[in-house]
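Here is the structure we will look at.
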Ligand code: ADP
């Protein structure tokens with residue numbers, strides 16, 4: 001990529017691709033930072049003074065190429081996600097909405113003890129909707145979402161890992177409110193972190209501390225992990241709230257299956273749907289979607305190769321291809337970890 005002339009230039013042209021604001025006398029380059037980062041979502045209003053100050057205080061050592069990478073590969077521009085798009089997790093969603101989302105949208109209305117949480121850890125098997133939930137939180141906050149995979153940072157981008165992390169939080173600060181989502185967070189917070197991880201680990205821990213204590217930062221950090229046990233206690237306790245995102249219960253499975261099958265004009269009888277729900281216990285949301293997709297892929301029937309609606313038999317066959325990845329023993333371990341360290345909700 002062609003390097004931008006300056007960090008400021010990169011932020012203006014990349015991070016805030018929005019129309020010129022029409023407001024008053026502030027310098028143009030600063031006004032760019034005051035306008036919402038996405039035109040697709042209705043955004044709540046946040047006081048501009050804080051953002052102005054943060055932009056003026058930008059560190060001098062931000063590398064324009066890294067900034068460009070963050071803006072193109074880490075700042076997410078996906079479609080908005082609503083609470084209703086996430087099946088199940090009723091009480092986790094309610095707690096997050098009450099304790100994290102509302103206090104940010106309506107500062108002053110928070111009646112809980114201490115400062116509202118700004119850091120949360122979502123743990124559970126892969127494919128249970130941790131990323132989906134994080135996207136939803138970001139949508140509800142009208143925030144910029146920066147999504148960084150811990151393992152990608154430590155493999156593909158290893159040489160630049162610390163610079164990238166620093167730049168991610170710099171961009172988050174400039175574009176508040178922002179959500180920094182770190183998937184596979186455990187890879188950066190390993191209990192026995194080797195040399196290559198340990199400085200990154202302390203860098204992330206200090207961001208977690210800063211975000212939790214600074215009253216000026218409208219930045220939320222969400223860590224997700226399917227291996228919570230590989231983190232040391234000092235690390236996972238840095239997250240103010242820790243929620244277990246379990247495989248869906250029967251009501252949620254029905255919703256996910258119903259939604260996925262509706263895309264394939266499949267209409268099961270009530271008895272067939274109940275049987276499907278019963279036979280998919282401990283499947284994750286993602287596995288349920290895959291099951292339906294596999295079943296759908298086998299429906300090119302008939303002499304003219306016309307697409308037929310997926311049938312119950314197609315779904316039965318798909319069971320040979322898609323099985324739940326997590327064993328009951330693994331699920332029990334998540335429950336145990338939740339009992340020890342999870343936040344009650
Ligand atoms: P994780 O981050 O836990 O690995 P994802 O959020 O990436 O899981 O989920 C992958 C996909 O599985 C989602 O995009 C969605 O299609 C489906 N999915 C998982 N859980 C749910 C859920 N609770 N409700 C609706 N869809 C879900």
Inset, instruction - Kindly list, by first and then second residue, each pair from a residue in segment 74-87 that is touching a residue at least 24 places away in the same chain (Cβ under 8 Å) to a residue that is outside any helix (DSSP H, G or I) and within 11 Å of the ligand (Cβ to nearest atom), limited to pairs with Cβ atoms under 7 Å and residues at least 6 apart or on different chains. - result: 74/147; 76/147; 86/129; 87/248
Inset, instruction - Starting from residues that are surrounded by fewer than 17 Cβ atoms within 10 Å (Cβ to Cβ), modelled with pLDDT of 90 or more and assigned to a helix (DSSP H, G or I), keep the ones in segment 276-303 and report whichever is nearest to the ligand (Cβ to nearest atom). - result: 293
Inset, instruction - Could you tell me whether segment 93-112 includes any residue that is farther than 24 Å from residue 188 by Cβ and within 14 Å of the ligand (Cβ to nearest atom)? - result: yes
Legend entry - Where residue 291 falls short, out of the listed (1) under 23 Å from residue 132 (Cα atoms); (2) out of contact with any helix residue (DSSP H, G or I) (no Cβ under 6 Å at 6 or more places or on another chain): (2)
Inset, instruction - Go through (1) in contact with a helix residue (DSSP H, G or I) (Cβ under 8 Å, 6 or more places away or on another chain); (2) within 11 Å of the ligand (Cβ to nearest atom) and name the single condition residue 240 misses. - result: (2)
Inset, instruction - Would you check if there is a residue in segment 258-267 being within 16 Å of the ligand (Cβ to nearest atom) and under 22 Å from the mean Cα position of the chain (by Cα)? - result: yes
Inset, instruction - Return yes when residue 233 is in contact (Cβ under 8 Å) with a residue 40 or more places away in the chain, more than 16 Å from the ligand (Cβ to nearest atom) and surrounded by fewer than 21 Cβ atoms within 10 Å (Cβ to Cβ) and no when it is not. - result: yes
Legend entry - Cross-chain or 6+ apart pairs with Cβ under 7 Å, segment 97-117 first and within 19 Å of residue 138 (Cα to Cα), then at pLDDT below 80: 99/112; 102/109; 103/109; 103/110; 105/44; 116/110
Inset, instruction - Go over the candidates 168, 179 one by one and state the one that is in a helix (DSSP H, G or I), closer than 15 Å to residue 74 by Cβ and at pLDDT 95 or above. - result: 168
Inset, instruction - Give segment 256-272 a look and list any residue that's outside any loop (DSSP other than H, G, I, E, B) and surrounded by 19 or more Cβ atoms within 10 Å (Cβ to Cβ), or say none. - result: 256, 257, 260, 261
Inset, instruction - For segment 121-129, state whether one or more residues are surrounded by fewer than 23 Cβ atoms within 10 Å (Cβ to Cβ) and either more than 16 Å from the ligand (Cβ to nearest atom) or part of a helix (DSSP H, G or I) (or both). - result: no
Inset, instruction - Check off (1) touching a strand residue (DSSP E or B) at 6+ places or on another chain (Cβ under 7 Å); (2) more than 16 Å from residue 76 (Cβ to Cβ); (3) within 16 Å of the ligand (Cβ to nearest atom) for residue 118 and give me the number that stays unchecked. - result: (3)
Inset, instruction - Return the total of residues in segment 141-168 being under 21 Å from residue 101 (Cβ atoms) and either within 16 Å of the ligand (Cβ to nearest atom) or in contact with a strand residue (DSSP E or B) (Cβ under 7 Å, 6 or more places away or on another chain) (or both). - result: 6
Inset, instruction - Considering only residues that are touching a strand residue (DSSP E or B) at 6+ places or on another chain (Cβ under 8 Å) and not in a helix (DSSP H, G or I), look in segment 185-209 and name the one that is modelled with the highest pLDDT. - result: 189
Inset, instruction - Residues being out of contact with any helix residue (DSSP H, G or I) (no Cβ under 9 Å at 6 or more places or on another chain) and either within 24 Å of residue 331 (Cβ to Cβ) or modelled with pLDDT of 95 or more (or both): count how many of those fall in segment 245-266. - result: 2
Legend entry - Leading residue by the ranking (surrounded by the most Cβ atoms within 10 Å (Cβ to Cβ)) among those in segment 210-229 that are in a helix (DSSP H, G or I) and in contact with a strand residue (DSSP E or B) (Cβ under 6 Å, 6 or more places away or on another chain): 228
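The values are calculated or read from the model by the stated rules, or taken from the named source; none is laboratory data. Here the structure is a predicted model, which is why all the values come from computation and not from measurement. Quick reminder, even Gly has a Cβ in these numbers, built from the backbone with ideal geometry, and neighbours come from all protein chains shown.
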